[in-house]
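Everything on this sheet refers to the single structure shown next.
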Amino acid sequence: MTRTLARLAVVLALTAVPAAAAADDAASAALARRFYVAFNDRDFEAFNQFIAADFVDHSARPDGGPGVAIVWAEMEALVAEIPNVRLTIELLLVSGDYVTVVLSARGMTGGAMPADQRLINFQTIDVWLIRDGMLAEIWHSERPM
């Protein structure tokens with residue numbers, strides 16, 4: 001019995017996540033979640049609190065440029081096209097300085113007449129780079145569902 005407990009202790013020691021790393025992972029996950037909460041609340045001004053001033057969107061249009069302004073513009077354009085779009089986190093994984101988020105998005109396109117509106121469903125995968133406690137870079141991919 002003692003030998004079994006000793007082996008178990010060794011296994012636990014080798015596989016334990018240091019408390020600092022677990023805290024960093026939790027902070028990174030919370031930071032990414034803040035982005036989606038702010039988006040769903042349409043609180044784009046909050047982006048200034050957690051998106052780095054030199055933010056880079058690796059999936060943006062070439063004329064987009066760096067910074068919070070491009071994120072704000074892209075999110076406003078999405079809401080203009082799909083006014084009631086909601087993003088739902090399906091999976092969130094943290095690995096070091098990177099947070100990967102799988103999302104589902106759903107909403108109705110805008111239009112003056114109900115016949116002009118249609119349901120939009122798509123899935124996105126965002127990979128965020130966290131630097132100095134801020135969202136610093138993103139790689140974004142989406143596909144229809």
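Among the residues of the stretch 76-97, those identified as surrounded by 15 or more Cβ atoms within 10 Å (Cβ to Cβ) and farther than 17 Å from ARG143 by Cα are VAL79, LEU92, VAL94. Restricting attention to the stretch 73-84, the residues that are in a loop (DSSP other than H, G, I, E, B) and closer than 13 Å to ALA38 by Cα add up to 0. Looking at THR124, is it closer than 21 Å to ALA29 by Cα, under 12 Å from the mean Cα position of the chain (by Cα) and open to solvent by 30 Å² or more (accessible area, probe 1.4 Å)? No: the conditions fail for THR124. Among the residues of the stretch 84-112, those identified as over 17 Å from MET145 (Cα atoms) and at pLDDT below 90 are GLY110, GLY111, ALA112. Residues considered: ALA46, ALA52. Of these, the only one that is assigned to a helix (DSSP H, G or I) and either in contact with a Gly (Cβ under 8 Å, 6 or more places away or on another chain) or surrounded by 13 or more Cβ atoms within 10 Å (Cβ to Cβ) (or both) is ALA46. Taking residues in the stretch 119-145 that are touching a residue at least 60 places away in the same chain (Cβ under 8 Å) and over 18 Å from LEU93 (Cβ atoms), and partners anywhere that are assigned to a strand (DSSP E or B) and open to solvent by 70 Å² or more (accessible area, probe 1.4 Å), the pairs with Cβ atoms closer than 9 Å and at least 6 places apart or on different chains are MET134/ALA53.
Per this entry, LEU93 is counted among residues that are free of Cβ contacts under 8 Å to residues at least 24 places away in the same chain and either over 17 Å from ALA32 (Cβ atoms) or part of a strand (DSSP E or B) (or both).
The values are calculated or read from the model by the stated rules, or taken from the named source; none is laboratory data. Since we're looking at a predicted model, the values are computed, not measured. As a convention, Cβ positions derive from the backbone with ideal geometry for all residues, glycine included, and neighbour counts pool all protein chains shown. SASA here: full protein model, heavy atoms, side chains in, ligands and nucleic acids out. Shrake-Rupley method; radii C 1.70, N 1.55, O 1.52, S 1.80 Å.
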